[in-house]
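So the structure is just underneath, and the comments pick up after that.
The values are calculated or read from the model by the stated rules, or taken from the named source; none is laboratory data. For clarity, every value in this text was computed on a predicted model and none was experimentally measured. When we count neighbours, we look across all protein chains shown, and the Cβ atoms used for this are built from the backbone with ideal geometry, even at glycine.
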Amino acid sequence: MASPFIADINNDGLKEIFIFTIFENKILLNCFNPFENKKYIVNKIIDDFHPKGGEEVCGLTYINLMDGDNENINKIIFAFSTGFSLSPRRFYSFDIAKDTFLKSPISNSSFREATSIISKNKSTLFITSTAAVGNCDSNAIYSDQFNWLTVFDQNLNFKFYPIKIGSYPSVLSVSPIKINSDIYIVALNIYRGNKDVPSVIQLYDIDGNKIKEKILNNADELTSNKILIPDKDFEHLFVLRTNGVIEEI
C-alpha cells in the first residue's frame, strides 16, 4: 500500500501516523501516536479490494486533513484509484470524533490527484484530475474510457454531475483559478493517442458551466499535462513545454 501519512490529527503539536494495509481483500486504516502509545483508528475497514491483472495494490491518490465538527479532532480525507481492478475509485472522509464515514458516489473514473478550495459560502470543495486509461467498458458509469471533470462537496457528493472531457488515451489536469475574486476551474485535457482527437483547455465556473474553450494544436510540445500552481491563491497557473519554456495559462 501507500507510504505512511504523518499529520497532527488533534492539534496537540504531536503528529500521528496513518497506515493503510490490505487484509483478506479489505483495505484497512490504522492511526496511532508512537510517542503517547495511543491508538486513534484500529483496523477501520475502508473498502473492498479484489486485485486483477497482476495488480497487487491500489493507489492512494489524495490524502489530507480538514477541520472536523469537533474543534480538537480533524477529519481525514483520502482517495484511492486502481487499474485493472477498477475498484475502489472513490474519495473517503472519516470523522474520528463522531465516528462517521463517508464515501463518494460509485465511479469508474480513474482519479489521479485533487485540490481543495474554499468556496464563497466557506464550504470545502475538492476538484479532481483524472486519467482515461481504458480499462472498462464505455457504457460503465463514468467510464475510464473518458476523462471526467469532477467536483465533490465536503460531504463527498457531486457539486454537479461529472462532465465528460476527452477520450482514451488522455489525461485531464484541473486547477482552480481566481479571476476578479471569483473561483473558476481550468481543465487541461491532453490526448496522447493516434486518432484525430483534439487536446483542449477549458474554463468552467464553480457550478460546472463552461465559459471558454480553446483547442491546443501544439499539445505535443507540453512535457506533461500537469498544471503548475506556484501559490495557494490560484491567481497564476503555468504549463511546461518540452523546450524548457514555462508558459502562463
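Table for the structure above
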read-out: Condition met for residue 143 (modelled with pLDDT under 95 and more than 16 Å from residue 208 (Cα to Cα)); value: no
read-out: Any hit, region 120-138, residues being small (Gly, Ala, Ser), within 20 Å of residue 204 (Cα to Cα) and in a loop (DSSP other than H, G, I, E, B); value: yes
read-out: Residue that is surrounded by the most Cβ atoms within 10 Å (Cβ to Cβ), among those in region 58-81 that are modelled with pLDDT under 90 and touching a Phe, Trp or Tyr at 6+ places or on another chain (Cβ under 8 Å); value: 58
read-out: Failed item in (1) surrounded by fewer than 16 Cβ atoms within 10 Å (Cβ to Cβ); (2) within 30 Å of residue 178 (Cα to Cα), with residue 124 passing the rest; value: (1)
read-out: Residues within region 173-185 that are among the hydrophobic types (A, V, I, L, M, F, W, C) and free of Cβ contacts under 8 Å to residues at least 60 places away in the same chain, tallied; value: 3
read-out: Residue satisfying all of: in region 91-119; over 13 Å from the mean Cα position of the chain (by Cα) and among the aliphatic types (A, V, I, L, M); nearest to residue 176 (Cα to Cα) among these; value: 118
read-out: Only one of 177, 211 that is modelled with pLDDT of 85 or more and surrounded by fewer than 14 Cβ atoms within 10 Å (Cβ to Cβ); value: 211
read-out: Cβ pairs under 8 Å, 6+ apart, first in region 114-137 and in contact (Cβ under 8 Å) with a residue 60 or more places away in the chain, second of a type in the set (Val, Ile, Thr) and not in a strand (DSSP E or B); value: 115/229; 119/206; 125/206
read-out: Listing of strands (runs of 3 or more DSSP E) fully contained in region 1-40 that carry 3 or more residues being buried (at least 17 other Cβ atoms within 10 Å of the Cβ) and not hydroxyl-bearing (Ser, Thr, Tyr); value: 16-23, 26-33
read-out: Residue within region 94-101 that is in a loop (DSSP other than H, G, I, E, B), out of contact with any Pro (no Cβ under 8 Å at 6 or more places or on another chain) and either buried (at least 17 other Cβ atoms within 10 Å of the Cβ) or at pLDDT 95 or above (or both) present; value: yes
read-out: Evaluation of residue 122 against (1) over 14 Å from the mean Cα position of the chain (by Cα); (2) within 24 Å of residue 50 (Cβ to Cβ) (one fails), failing number; value: (2)
read-out: Test: residue in region 56-67 that is of a type in the set (D, E, K, R), under 16 Å from residue 22 (Cβ atoms), assigned to a loop (DSSP other than H, G, I, E, B) and out of contact with any helix residue (DSSP H, G or I) (no Cβ under 8 Å at 6 or more places or on another chain); value: yes
read-out: Hits in region 139-173 (condition: among the charged types (D, E, K, R), surrounded by fewer than 17 Cβ atoms within 10 Å (Cβ to Cβ) and assigned to a loop (DSSP other than H, G, I, E, B)); value: 153
read-out: Residue under evaluation residue 46, criteria (1) within 24 Å of residue 137 (Cβ to Cβ); (2) surrounded by 12 or more Cβ atoms within 10 Å (Cβ to Cβ), criterion not met; value: (1)
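Results for (1) farther than 30 Å from residue 119 by Cβ; (2) modelled with pLDDT under 75; (3) touching a Lys or Arg at 6+ places or on another chain (Cβ under 8 Å); (4) of a type outside the set (A, V, I, L, M), shown as yes or no for each residue.
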| site | (1), (2), (3), (4) |
| --- | --- |
| 192 | yes, no, no, yes |
| 201 | no, no, yes, no |
| 228 | no, yes, no, no |
| 232 | no, yes, no, yes |
| 236 | no, yes, no, yes |
| 241 | yes, yes, no, yes |
| 245 | yes, yes, no, no |
